[in-house]
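Structure record follows, encoded as structure tokens.
Here, each number is a calculation from the coordinates, and none is a lab measurement. Treat the numbers as computed from the prediction; the structure is a model and nothing was measured. Here the Cβ is made from the backbone with ideal geometry for all residues, glycine too, and neighbour counts use every protein chain on show.
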There are 2 protein chains.
Amino acid sequence: MAEEENEFDDLEDEEEEEEEEDEEFDYESDLDYKIENVVATVTVEITEKIDLNQIARKHAEVEYNPERFPGLVMRIEKPRATILIFSTGKMVVTGLRKAAEAERVVDKVVKNIRKAGIKLANPEITIQNIVASGDLHTNIDLNMAAIVMEYAMYEPEVFPGLIYRMQDPKTVFLIFSTGRIVCTGAKQKEIVRDAVKKLNQQVRDLGVAKKELDSSDYQDITFI
Amino acid sequence: MAEEENEFDDLEDEEEEEEEEDEEFDYESDLDYKIENVVATVTVEITEKIDLNQIARKHAEVEYNPERFPGLVMRIEKPRATILIFSTGKMVVTGLRKAAEAERVVDKVVKNIRKAGIKLANPEITIQNIVASGDLHTNIDLNMAAIVMEYAMYEPEVFPGLIYRMQDPKTVFLIFSTGRIVCTGAKQKEIVRDAVKKLNQQVRDLGVAKKELDSSDYQDITFI
DNA sequence: GGTTTTTATAAATAACTATTTATAAATGTC
DNA sequence: GACATTTATAAATAGTTATTTATAAAAACC
């Protein structure tokens, strides 16, 4: 199986190491974030368009309603992922936590498709999106943030988070008043890290943090 | 108004000359075809997304049903064209017979949009598709053609024409048993000409023409 | 017999259908 | 109060909605 654009074999040991901890922790820069979802696409070589009904007949557990959506939905475990399969042979893999898992998922899916009598070859995987959640460890004044941060949007009656479109690296953050964040739009884990690092710096530099409470402060207030 | 990618001012005199004849006729190579439809896209600079309802209120004759399709339909005369206008400011112009007309059409449309109080600037036009019809002046054995022509598809119970996907130039032909043809997919008129010329040559070379009847033969048969 | 619709082709435009995932506030239901 | 759903974000996938235009055969309707 050829690999495309993203070399991640050499990342595998590193990610397995991360798996031993609850959250990825970059000690070097004290960043607190964790990759929660990885979306990949897969292309294959086929001799003709796939009849998705053929797969639906062979695997009863898949979902396929072509009047509603042209893709067939296949869910697998170990690793857990959901795959959309299209008649062009192209697929979308969602729900991964580690990019390296994509290969094992695709192996299983290709096997399932072949079991239905469909011939395909040379799957190629591309990571398309990485979603990470994290914590800035400080409350945020979102009204202030919406004013001083360029490319920021905050409408609390519509959604409780501030939407911040970081230009470089080109990612989008959801920033909540609790200091919790979601980072999305990156295609490589290094870009996620760079973006999260930059956000931590910006939050400090722009002075949008509220007074930072640690847990002992909370307990004192609770007992009073 | 900036022009993009397709230089067609210098073609205008040539096309006006063509207008004096029923069909464009390339005497040099005896090609018989005529451009029937030109599709162009337009991009503009806007400061924020356009509220298409604003245009629909100002111009009662437009069509706008956002639950069905996100574009507003505007039809104009002189030259006659239909324009799809989207909230992003992008537009599709269809129904043109000459690429050079696009500029006048866009001038009118931009005026109409500005009348509704919407600000936009710097429209840029790109020709996206040209449709031409033509005549090979020989009947065609479509069953034979489907066999000897690569990238050809013919299913008479589904559609009476043969679909031929010419690779270079990348265009698509509909070829009918009467010898009538439709050429589509080109973005420049020169490409249309090249493609039609090549098809004429291929039809002769491959021997898929049936006996060519001229009008005197027809009349003799009719009287008998 | 005339008219209409469908079959097919290309191209651009964009929103919806579906999938996943964290975040959090509001709303509705039980 | 617990649970479910919605609001919002990104990304890929693809068919549908709509527009135009020539070509022609079949089917349906008047």
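Modelled this way, with points 7 Å down the Cα-to-C-beta line, the labels at A:ASN37 and A:ASN143 are 3.1 nm from one another. Which of rounded, prolate or oblate describes region A:61-192 when judged by the alpha-carbon gyration tensor and an a/c cut-off of 1.5? Prolate is the answer for region A:61-192, as a/c is 1.5 or above and a/b outweighs b/c. Remark: for residue pairs A:LYS90/A:LYS111; B:LYS34/B:LYS90; B:LYS90/B:LYS187, the C-alpha separation exceeds 20 Å in B:LYS34/B:LYS90. For region A:122-204, trypsin sites (Lys or Arg not before Pro) are listed when DSSP marks them as loop and at most 16 other Cβ atoms sit within 10 Å of their Cβ; the list is A:LYS170. Counting beta carbons within 10 Å around each of B:LYS98, A:LYS210 and listing the fewest first gives the order A:LYS210, B:LYS98. Here the relative contact order of region A:68-172, from alpha carbon pairs under 8 Å that lie six or more residues apart, stands at 12 percent. Computed from the C-beta positions of B:LYS78 and B:LEU174 and an R0 of 35 Å, the FRET efficiency is 0.70 to the nearest 0.05. Which distance in Å, rounded to a whole number, links the C-alpha centroids of region B:155-172 and region B:104-132? Using only Cα atoms to place each centre, the spacing works out to 33 Å.
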